[in-house]
Number of protein chains: 2
Amino acid sequence: MPIDLTLDESSRQQLLSDGTSGPLVRRSILPGGVRLLTETDRSVRSASIGLWLPVGSRDEKPQHAGSTHALEHLLFKGTLRRSALDIATAFDEIGGESNAVTAKEHTVYHGRVRSADLPLAVDVLTDMLTSSALAEESLETEREVILEELAMALDDPTDCGYEEFLAAVLGADTALGRPVGGTVETVSALSAADVRAHYAEHYRPQNLVVTAVGDLDHDELARMLEERLAAGGWDLDPAALPSPRRPEGSLAGVAGSAPTQVPAQLLERTLEQTHIYLGGPSISATSEDRHAMNVLMAILGGGMSSRLFQHIREERGLVYSVYSFSSAYRDAGLFGLYAACRPSRTEQVVELLGAEVEDMRDHGVTDEEMRRALGQITGGLALGLEDTSSRMGRLGSQELVQGRYASVDETVARIAAVTPQQVQELAARLAASFTARVDVGPAV
Amino acid sequence: MPIDLTLDESSRQQLLSDGTSGPLVRRSILPGGVRLLTETDRSVRSASIGLWLPVGSRDEKPQHAGSTHALEHLLFKGTLRRSALDIATAFDEIGGESNAVTAKEHTVYHGRVRSADLPLAVDVLTDMLTSSALAEESLETEREVILEELAMALDDPTDCGYEEFLAAVLGADTALGRPVGGTVETVSALSAADVRAHYAEHYRPQNLVVTAVGDLDHDELARMLEERLAAGGWDLDPAALPSPRRPEGSLAGVAGSAPTQVPAQLLERTLEQTHIYLGGPSISATSEDRHAMNVLMAILGGGMSSRLFQHIREERGLVYSVYSFSSAYRDAGLFGLYAACRPSRTEQVVELLGAEVEDMRDHGVTDEEMRRALGQITGGLALGLEDTSSRMGRLGSQELVQGRYASVDETVARIAAVTPQQVQELAARLAASFTARVDVGPAV
C-alpha cells in the first residue's frame, strides 16, 4: 500500500503506516480542524495521550513573559464543572500519570492510563482545555506556587546555567531567548486578563493536535474527542482546516569564534563545583543536517563510550558529568558542551571540551565510531518503542515541527546514510560557531 | 497448580507463577548457590537484567566508608580482558542502557537491551563481577571522579538534606546512618587494598542474585550465566546453597516528640528556598504494617490529590514541591515529610506539615480517601508492569529483602485489605515519632 508520509494540512484522513512493519499509524483532521494522530499497539494494556498547542513562550509579548506557563498551571486549578481537587483526583484514583509541559514553541498536557480509563482521561483533559475557570483568586494562589518554582530553578545550577546559555546564544532580548517561565518581575505583574487573552487567542480547535499511542481505537478516540470538545463549547465547523504550520525562518549567520576565545559569563554561586556551558548557534529543527548532527552528538558526547566521557572523565578523572547537546527550533538551533568540575579545573576542562570539537574538525571520525553511533541510535530507538509516552511525544513533535511523519525504520535509514565526511564538515562549522560560555559557580 | 511463594534458600527450582494470570515467574538456584529469578514476557522485544549483591554501605567499617561505592565505580574501569572503553562500547554500540546503584544494603549492576543482545549483556556484566582488574592507577583516576560526584551531591540541597536527615534519624555514627558514598576524607584515604578486600569478601556466587524480565528463556539464561561465571573463574559447586538471608533485627523503640517540637538542624546554604525534611523512625521492610504505610503515604502526600499537596500547595500556594516518603531497611525504617519554600515561610510550612499527621491521628481517613488510595496504588502497579526495568527491580528487592515472592495480584489484595483504623493507628504512631528536622537554606 503506498503511504503518503507528508502531514497534509488539508487531507482529512491519512494512513501513515499500515501496520505491516510496526504499529498502525493514522492521522485525521476532525471537525474544527483538530488533528488526531494515533499509533495503535495492542501489545500493551495502556495508552498515552497528549493534547498539544503550537504556542510557547516565544509567542508572548515581553511584558507578559511567563503567561503561557502560568496558563498551563491554571488549567489544573479548575473548570466550569470541576474543582482543582476533582482534576487531581481524576488521575490519582485510577493510578494514572498526568502532567503538562510549557516549552518555547509548544504547550502539551499529557497523561498515561490503563486503556479502560482512556475515556476518563479524554474527558478531563478536554474539559481543562475548553472550559478552564481561570478564576482571579486561583491566579493569586498559583502565582505564589510559580514564584516558588522560579526560586527552585534559580537554586539549581544546571537549570539557571542552561537558561542563561540559551539566552546568550539566542539573544537575551529576543522572544526565543527569554526564559520559558518568565522572571520574578513579569510573573508578579501578570494579570488574569493577560492569561485569559492568551487562552482565548490560542486555545482553539484549529491549533489543537492530539497524539495517542497504545491500546486504543483511532475512530473511537476521534468520536470521543469530538463529543467532549463540543460539550466543552468549542465550535467544531465540519469544514475547518488546521491553522497553517508556521513558516520556518532562515538561520541568521552568526560570526562565532574558537571555543577558548569565548569570554565566560559568570553566574556567581557559592558551590563546590563550577558548571560550564559552552557552545553557539546551530541548525534548525527541519535542517537536512539533523541526522548528521545526531551522529556527531553520539560520537562527541552521547554516551559512556563518547569522546568527551572517555577523554575527560575516564582518562583524566576531571569530571563526574560531561556531555554534548543540541536543541532545535523552527528557525534557529544551538549546540553545547557541558561539564561540571571543581573550580580550579575549569580552564583545563574548557580547553579539553573545545579541543574535542577541533580534533573532529581536523581529523574527522573513524568508521568504527560511525558504526557504533548507528548502533547506539538504532538500539535506543528500538528500546524507546516500548514506551508509549515517548512514542506519543515523537508523533507530536513530528506533527508540530517536522510537518512529516517518519517511521523508526525511515529514521534509521537516514542515520545509516550519514557519511563521515558530513560529520566532519558539521564539526568544522561548529568549531567556528562558538559564541557563548556560561559558568555557574564561585568566583575564582 | 499450587504455588509456593516462599523464596526457599534450599529449593533449587521454584515456580512462583505459572503464567496463567500474568507472566511466568521462575526461580532457580544455580551451581555455586547463585540465585536466578525471571519473569518471561513475550509481549516485548527486550530484556532487563540486574546482578545484585546483598552488600551496601552498612557493611563497611567506618574508616573504609565509601568503599562499596568506589568498587561499583571500579567495576566499569576494566577487567582482565576488557578495557573501560570496551565496557562502555559494549552497551553503547547496541543502544542499550546500563548502570549501577550502590545502596545501604545492596549493590546492583543492571542493563536493558534488545532480547537478541541479552547474551552480550550477560557476558559483560559477569565479566565485570568475576574478573575486575581493580588496577591501582584506575583507583587514582576514579577517586577524582568520585570526589566530583560528592561535590555535586553537596551542591544539591535535596541530596545533602536527605542524607543529613537519614543520619539524624538512623544515627550519624551508625553503619546504617552514614552516607552511602562516604565523605571526602574517607574517599581520599581509600586504598586499592581496601577495595580489593571488599571485592574478595563479598563478590561470591553464594551472594549473587540475578533477576531478569522480558523476552527471555529462563533455562537458556541459567546456562549462559553458569558458563560465563565459570569462565570468569568462579568456583561453582553444584551442591552449594545461597548465603542465608540476614536476620531481621528488631526496631529499637525511640522516644519521639510532636512535629513542631523537634529542633531544626540547619545546613546553611545561600539559596532562594529552604528545603525542609521532617520525620523520624518507622517500620522495617518486612513489617506487617507496610501495606497500611503505603496507603497512609498515598493519602498524606503521594499525589496531586493528597492532603499535603492540596492543603499546602493548592489552597495556600506556599510551596511548589511537597510530599511524604518512607524508606525501609532490614531492621529499621523511617518516614518523612518534605517541602521547599522561601525562607520566610519555613515555620508556617513546618506547622502545616506536622498538623496533617496529627489531623490523621485525631480524625482518621475517609472511605473516599481509602478508595482513592487503593485505585492509585493498583493503577500504578498495573502501569509499572509495562516497564521491564521496574519489574526486574521488584523481583530483586523481594528476593533480597522480603524473602518472598508476591505477585501484583497478591499485593493489590493486601492493599485492599487495609482498614481505615489501621491507617489511623499508624498515623498516631508517626505523630509521636518525630525525632529529626533538617533545613537546607539560608540562616534566617
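Per residue and in Å³, how big is the convex hull formed by the alpha-carbon atoms of segment B:157-279?
Numbers: hull volume 27.4 nm³, N = 123.
Per residue, the Cα convex hull of segment B:157-279 comes to 223 Å³.
If eta is 0.692 mPa s and T is 37 °C, what Stokes-Einstein diffusion coefficient results for segment A:11-67, Kirkwood Rh from Cα pairs, in µm²/s? All intermediate terms of the calculation are to be shown ahead of the outcome.
Details: Rh = 14.2 Å.
Here the translational diffusion coefficient equals 231 µm²/s.
Any chance you could give the angle, 0 to 90 degrees and rounded to 10, that helix B:118-130 forms with the longest Cα principal axis of chain B?
It works out to around 80 degrees.
Hey, could you get me the Stokes-Einstein D for segment A:237-308, Kirkwood radius over alpha-carbon pairs, 25 °C and 0.890 mPa s, rounded to whole µm² s⁻¹? Don't skip to the answer; put the middle values down first.
Values: Rh = 16.9 Å.
Estimated via Stokes-Einstein, D reaches 146 µm²/s.
Tell me what chain B gives for mean residue ellipticity at 222 nm when only DSSP H runs of n ≥ 4 count, each as -39,500 (n - 2.57), the sum divided by the residue total, rounded to 500 deg cm²/dmol.
Numbers: 14 runs with 174 residues, N = 444.
It comes out at -12500 deg cm²/dmol, rounded to the nearest 500.
What angle, in degrees between 0 and 90 and rounded to the nearest 10, separates the Cα long axis of helix B:192-202 from the longest principal axis of the Cα atoms of chain B?
80
Which whole number of Å³ per residue matches the convex hull of the alpha-carbon atoms in segment B:7-124?
137
Could you work out the relative contact order of segment A:259-441? I mean the mean sequence separation of Cα pairs under 8 Å and 6+ apart, divided by the number of residues, in percent.
Values: 296 pairs, mean separation 74.6, N = 183.
Once divided by the residue count of segment A:259-441, the mean separation gives 41 percent.
Can you tell me the relative contact order of segment A:7-231? Whole percent, Cα pairs under 8 Å, sequence separation 6 or more. It would help to have the intermediate numbers written out before the result.
Working: 384 pairs, mean separation 77.2, N = 225.
Over segment A:7-231, the number comes to 34 percent.
With an 8 Å Cα cut-off and a minimum separation of 6 or more residues, compute the relative contact order for chain A in percent.
Numbers: 857 pairs, mean separation 97.9, N = 444.
Relative contact order of chain A: 22 percent.
Over all distinct alpha-carbon pairs, what is the Kirkwood Rh of segment B:7-231 in angstrom?
Details: mean 1/r = 0.0538 Å⁻¹.
The Cα-based Kirkwood calculation yields 18.6 Å.
How much of the pair distance distribution for chain B lies past 38 Å, counting alpha-carbon pairs only, in percent?
27
To test your reading of the geometry: what angle, between 0 and 90 degrees and rounded to tens, separates the Cα axis of helix B:346-363 from the longest principal axis of chain B?
90
When you look at the Cβ of every residue in B:399-409, what mean number of other chain Cβ atoms sits within 10 Å?
So the per-residue partner count for this stretch is 0.
Taking just the alpha-carbon atoms of segment B:274-381, what radius of gyration and Dmax come out, in angstrom?
For segment B:274-381, the Cα radius of gyration and maximum Cα-Cα distance read 14.0, 41 Å.
What's the Kirkwood radius of the protein assembly as shown in Å, using all Cα pairs?
Working: mean 1/r = 0.0344 Å⁻¹.
Over the protein assembly as shown, the inverse of the mean reciprocal pair distance is 29.1 Å.
Report the equivalent ellipsoid semi-axes for segment A:259-441 in whole Å, largest first, defined as the square roots of five times the eigenvalues of the gyration tensor built from alpha carbon atoms. Working shown, then result.
Working: eigenvalues 163, 67, 56 Å².
In descending order, the three semi-axes are 29, 18, 17 Å.
Only the coordinates and a few stated rules stand behind these numbers; no lab work does. All values reported here derive from a predicted model rather than from experimental measurement. Cβ sites come from the backbone with ideal geometry, for glycine too, and all protein chains shown count toward neighbours.
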